[in-house]
1. Peptides 147-154, 89-96: what's the order by average Cβ count within 10 Å, highest mean first?
2. For the stretch 382-399, in order, what is each residue's ³J(HN,Hα) by Karplus, 6.51 cos²θ - 1.76 cosθ + 1.60 with θ = phi - 60°, in whole Hz (x at glycine and Pro)?
3. Between Val174 and Asp269, what is the spin-label point distance in nm, taking each point 7 Å from the Cα along the Cα→C-beta axis?
4. Measure of size requested: the Rg and Dmax of the stretch 300-430, with Cα atoms as the atom set and Å as the unit; please supply both.
5. Per Stokes-Einstein, at 25 °C and 0.890 mPa s, what whole-number D in µm² s⁻¹ belongs to the stretch 263-352, with the Kirkwood radius over Cα pairs as the hydrodynamic radius?
6. Taking neighbour counts of Cβ atoms within 10 Å as a proxy for exposure, in what order, fewest first, do Tyr390, Tyr53 appear?
7. How big is the Rg/Rh ratio for the chain, C-alpha atoms only, Rh by Kirkwood, two decimals?
8. Can you check what the Kirkwood hydrodynamic radius comes to for the stretch 1-40, Cα pairs only, in Å to one decimal?
Amino acid sequence: MPFLSIVNVSKRFGDIVALEDVTLDINEGEIIGLLGENGSGKSTLAKIIYGVYVPDKGHVTLYKDGIPQHVFFTSPRDAIKHGIVMISQRPQLVEEISAVDNITLFLGVSPHIARKIVESTLNRFNIELNLEKTVNTLSYTEKQFVELVKALSYKPKLLIVDEATTYLPKDVRVRFYEVLKMFTSLGGSVLFVTHKIPEALVVCDRIAVLRKGKLVGLFSKGEGVSIDVVRKAMFSEISRRVQPSKAVEGFYGKSSEILRFEDLVVLDDYGRKAVDGASLSVSKGLIVAVIGIAGNGQRELCEGLAGLRKAVGGKIILDNEDITFLGAAERISKGLHYIPEDPFRDGVVLDLTIAENLRLFHKGRISGEIIAKVLEDLKVYPLNPELKVYKLSGGNVQKISIARLRLSKPKCTVVYNPTRMLDETSSNLVKSMLRDLASNNVGVLLVSEDIDEVLDVADEIAVISRGKIVKSFIATEPSIREEIEKAMTLYA
């Protein structure tokens, strides 16, 4: 039986058609996946259900005791009153107070009652979490679980999970899925918004696919649904996987070093050594990957190299020049560019247009034709350089951050989890871009937690654990996946 129906819903933003005549049921006790490539309308549909946006056409129907009722949500508060709660990619928490106080604010009850509700939620779903900590001392993973506990403590009927697992490590994602399945076993419903097909096939009972704002496919688990079937529905054309150069054997001895860090020490936000004596070099024309289990110093390494975080030990050499004590802007001017994992925080200026963002990091003038060509190549949607970046989907914001590489001529670029927010087609486009950079004699340092991404493009692979480079491989070595996985866990 449906809990909620979306009926003939359409939504436009100016000339942009975000959704067109979408009809979909969300049943009681199920996890329904909402898939689509970046900019397909997934988050827009989720936000209509949650009251963030009002549809231009169509309506939402709720079923109470089997009786349909048209509802008109003008704010998230309206949706919450009807038992609909959303968890998004970015935690919506007050940083300066404790996790339990955040939940108390959301529930709107006394602290005493809130603590009883929270304790019951933790026990019911078997979640271990210290909610007395101030939010700004928590890791991203812990914050997302605070969001989950906050949502479940409200005892919702529908939980919207909008790309909320994107940045979670694999083992944590599995635990997140378990909690969602426990929730639906108790009669709740989940709308699981993602662009990752394998994830949806693991988690969801049904999968709905959007393409350019239209519902183009609806699949039930166990009815012959596969990655290929869903992929064909998601994408108008299927991109090919990137083929690494694998020319490393002939390259050694001929390539010249462009970036080197020696005995590098970088602290985390709490003054602890996140990077602890790491050493590695990157040569022109090669992609060197650093991979490790999440939380082993990857972010601090990238920010230390980019000049966003101070190195307290060791040195960083770019093209035979010591840049250890240079600021971020000076490093960019010297030819070291950085593409961060989170474009919202470090990658773009949301209130500027797409074109203005791309011109920020470019010396000289860039014509509108060149910008349009780059956006077209990266399949940014909508294709409008004058659109403010905050109006784009998360995946398209990441593409704008990455697009700078096409318009600049770095000596070396550091990229951190560049495809995590992207659908399969966009991921392959970005991997091809990294390979093109290397073929143009740029050194590429790819820092990632995705072994498939690394194996797709890297020439050399180094494993990071507890802030140290503990093992290095040439990408052509036999049984390399097994060796990398062994190194990642052996030294953890």
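None of the figures in this text is laboratory data; all of them are computed from the coordinates on show. All values derive from a computational prediction rather than experimental measurement. Cβ placement follows ideal geometry from the backbone for every residue including glycine, while neighbour counts extend to all protein chains displayed.
1. 147-154, 89-96
2. Residue by residue, the stretch 382-399 yields x, 7, 9, x, 8, 6, 5, 5, 5, 7, 8, 5, x, x, 6, 4, 4, 4 Hz.
3. Going from the Val174 label point to the Asp269 one covers 2.7 nm.
4. 15.0, 45
5. After rounding, the answer is 175 µm²/s.
6. Tyr390, Tyr53
7. Using Cα coordinates only, the ratio equals 0.97.
8. Values: mean 1/r = 0.0855 Å⁻¹.
After inverting the pairwise mean of 1/r, the radius is 11.7 Å.
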